Amino acid sequence: MSTTGTYLIRGASVLGAEHADIRIENGIIAAVAPGLPVPEGASVIEAEGLIALPGMVDLHTHLREPGREDAETVETGTRAAALGGFTAVHAMANSMPVADTAGVVEQVLHLGERAGWVDVRPVGAVTVGLAGEQLAELGAMADSRARVRVFSDDGKCVSDPVLMRRALEYVKAFDGVIAQHAQEPRLTEGAQMNEGEVSAVLGLAGWPAVAEESIIARDVLLARHTGSRLHVCHVSTAGSVEILRWAKERGIRVTAEVTPHHLLLTDELVRTYDPVYKVNPPLRAEADVQAVRRGLADGTIDIVGTDHAPHPSEHKEGEWAHAAMGMTGLETALSVVQHAMIDTGLMDWADFARVTSATPALIGRVPEQGRPVAAGEPANVILVNPSARRRVDPNKMATKGRNSPFAGLELPGGVEAVFYAGHPTVLNGRLNTPHPAAAKES
């Protein structure tokens with residue numbers, strides 16, 4: 001990244017604790033202390049009442065490009081990410097063509113650099129074409145300019161245990177991680193929603209919890225056998241939390257994520273038959289929501305991943321059975337996590353920084369992201385107003401997708417400013433300009 005200007009953030013509460021000024025120079029945090037003098041030519045940002053946090057890192061974003069630009073582009077998706085408080089996102093591989101070669105992941109990397117709103121890290125497919133039949137070019141993607149370290153067939157499960165074992169063994173050589181979409185396909189054929197009381201009443205085919213839990217159980221054993229890193233995408237059931245807890249107690253190298261929507265919403269919403277609530281994995285029961293909240297709070301679940309999945313309106317509107325699965329999440333993640341975890345007393349803002357920034361950056365092997373708000377660190381910093389409240393309006397979002405399950409809800413928290421590599425991409429809650437290095441990548 002090229003150098004940027006000098007900024008003085010005055011009076012911010014760092015991680016919700018002590019108040020300090022933050023001086024940013026040439027992309028680096030130069031100083032953090034109370035009462036810093038204003039450098040000559042510096043831009044001053046008054047931050048009384050705001051919380052300074054490290055920029056959020058999403059390990060699970062669907063940017064859709066190349067090939068599905070009707071749903072999202074790297075440009076629109078990263079604008080949404082910036083407004084949501086993110087300074088890095090990992091772009092999932094289920095584009096068209098699939099990101100299963102060095103050429104495609106380098107294309108996604110270039111699109112992110114050209115946009116300049118956040119750091120875009122491509123995720124490579126585990127199998128060719130997401131078909132689950134043969135391993136993709138994992139080594140070539142790892143050695144490419146994109147330096148891929150996260151591999152996933154997300155949207156589909158790597159259901160073949162032999163193939164999953166081989167993938168885990170392969171990525172161990174370059175410290176990669178396999179991010180598994182845990183869904184046993186034979187247990188979910190024709191499934192439409194969570195299997196339980198509501199599905200029985202509505203007469204919709206149920207999606208049993210064991211379809212997720214059985215794959216997680218298998219894969220943590222494979223991770224123990226291979227000694228490799230496993231990451232479990234979008235954990236949604238109480239049973240999954242218990243399996244992960246068992247694995248971690250035994251030192252197995254497994255990490256896991258939960259989505260904002262699984263932290264807040266339940267399958268009771270499906271009674272409306274509104275396809276905006278159709279998602280994979282499905283919204284679960286209240287007991288599962290409470291279990292994943294506890295799991296995130298106690299560290300059994302490591303991070304929050306948005307699983308931002310925009311769709312064109314025509315793919316989400318209409319009959320439930322034919323609607324696409326997926327929800328947007330980049331522009332509401334911070335507010336939902338504040339509402340579900342911080343305002344309930346389960347976590348504080350330092351915990352928030354851990355699960356939305358430091359740990360996802362570590363899992364994704366992005367060393368310049370997720371760093372502390374401290375002198376000498378890269379200036380990926382956000383300012384949050386925890387007292388703000390807003391009613392969610394998908395029509396005012398930067399993402400192309402209008403399929404937000406939080407539409408109409410009043411949620412807390414607002415992103416006031418975002419510094420990405422020292423440049424303010426968001427100011428006063430609005431997009432400012434992309435990082436100046438982006439022009440050199442076009």
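The figures follow:
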{"read-out": "Identity of the residue in segment 426-442, of a type in the set (A, V, I, L, M, F, W, C) and more than 21 Å from the chain's Cα centre (by Cα), that ends up most open to solvent (accessible area, probe 1.4 Å)", "value": "Ala439"}
{"read-out": "Of residues in segment 301-333 being among the hydroxyl-bearing types (Ser, Thr, Tyr) and buried (at least 24 other Cβ atoms within 10 Å of the Cβ), the one farthest from Ala179 (Cα to Cα)", "value": "Thr332"}
{"read-out": "Identity of the residue in segment 22-68, of a type in the set (Asp, Glu) and in contact with a helix residue (DSSP H, G or I) (Cβ under 9 Å, 6 or more places away or on another chain), that ends up nearest to Gly5 (Cα to Cα)", "value": "Asp58"}
{"read-out": "Count of residues meeting criterion [among the charged types (D, E, K, R), touching a residue at least 40 places away in the same chain (Cβ under 8 Å) and surrounded by fewer than 18 Cβ atoms within 10 Å (Cβ to Cβ)] in segment 4-32", "value": "0"}
{"read-out": "Segment 196-214 - residue that is part of a helix (DSSP H, G or I), touching a Lys or Arg at 6+ places or on another chain (Cβ under 9 Å) and open to solvent by 20 Å² or more (accessible area, probe 1.4 Å) and, of those, farthest from Cys157 (Cα to Cα)", "value": "Val201"}
{"read-out": "Residues within segment 75-95 that are touching a residue at least 60 places away in the same chain (Cβ under 8 Å), of a type in the set (Ser, Thr, Tyr) and either touching a Phe, Trp or Tyr at 6+ places or on another chain (Cβ under 7 Å) or closer than 17 Å to Met56 by Cβ (or both), tallied", "value": "1"}
{"read-out": "Members of segment 60-83 found to be more than 11 Å from the chain's Cα centre (by Cα) and in a loop (DSSP other than H, G, I, E, B), listed by number", "value": "Leu63, Arg64, Glu65, Pro66, Gly67, Arg68, Glu69, Asp70, Ala71, Glu72, Thr73"}
{"read-out": "Filter pass, Leu59 being hydrophobic (A, V, I, L, M, F, W, C), buried (at least 18 other Cβ atoms within 10 Å of the Cβ) and touching a His at 6+ places or on another chain (Cβ under 6 Å)", "value": "yes"}
{"read-out": "Residue within segment 134-144 that is out of contact with any helix residue (DSSP H, G or I) (no Cβ under 9 Å at 6 or more places or on another chain), at pLDDT 95 or above, on the phi < 0 side of the Ramachandran plot and buried (at least 24 other Cβ atoms within 10 Å of the Cβ) present", "value": "no"}
{"read-out": "Listing of strands (runs of 3 or more DSSP E) fully contained in segment 5-50 that carry 3 or more residues being farther than 19 Å from Gly413 by Cα", "value": "6-14, 19-25, 28-33"}
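For every residue, the table says whether it meets (1) surrounded by fewer than 17 Cβ atoms within 10 Å (Cβ to Cβ); (2) basic (Lys, Arg).
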residue: Asp100; (1), (2): no, no
residue: Gly103; (1), (2): yes, no
residue: Arg149; (1), (2): no, yes
residue: Val158; (1), (2): no, no
residue: Leu168; (1), (2): no, no
residue: Gly176; (1), (2): no, no
residue: His181; (1), (2): no, no
residue: Asn194; (1), (2): no, no
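Residue by residue, here is whether (1) open to solvent by 10 Å² or more (accessible area, probe 1.4 Å); (2) polar (S, T, N, Q) holds:
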| residue | (1), (2) |
| --- | --- |
| Thr399 | no, yes |
| Val415 | yes, no |
| Tyr420 | yes, no |
| Pro424 | no, no |
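The values are calculated or read from the model by the stated rules, or taken from the named source; none is laboratory data. Predicted, not measured: the structure shown is a model, and the values here were computed from it. Neighbour counts are summed over all protein chains in view; Cβ atoms, including those assigned to glycine, are modelled from backbone coordinates with ideal geometry. All accessible areas refer to the heavy atoms of the entire protein, side chains included, with ligands and DNA or RNA removed. Shrake-Rupley method; radii C 1.70, N 1.55, O 1.52, S 1.80 Å.
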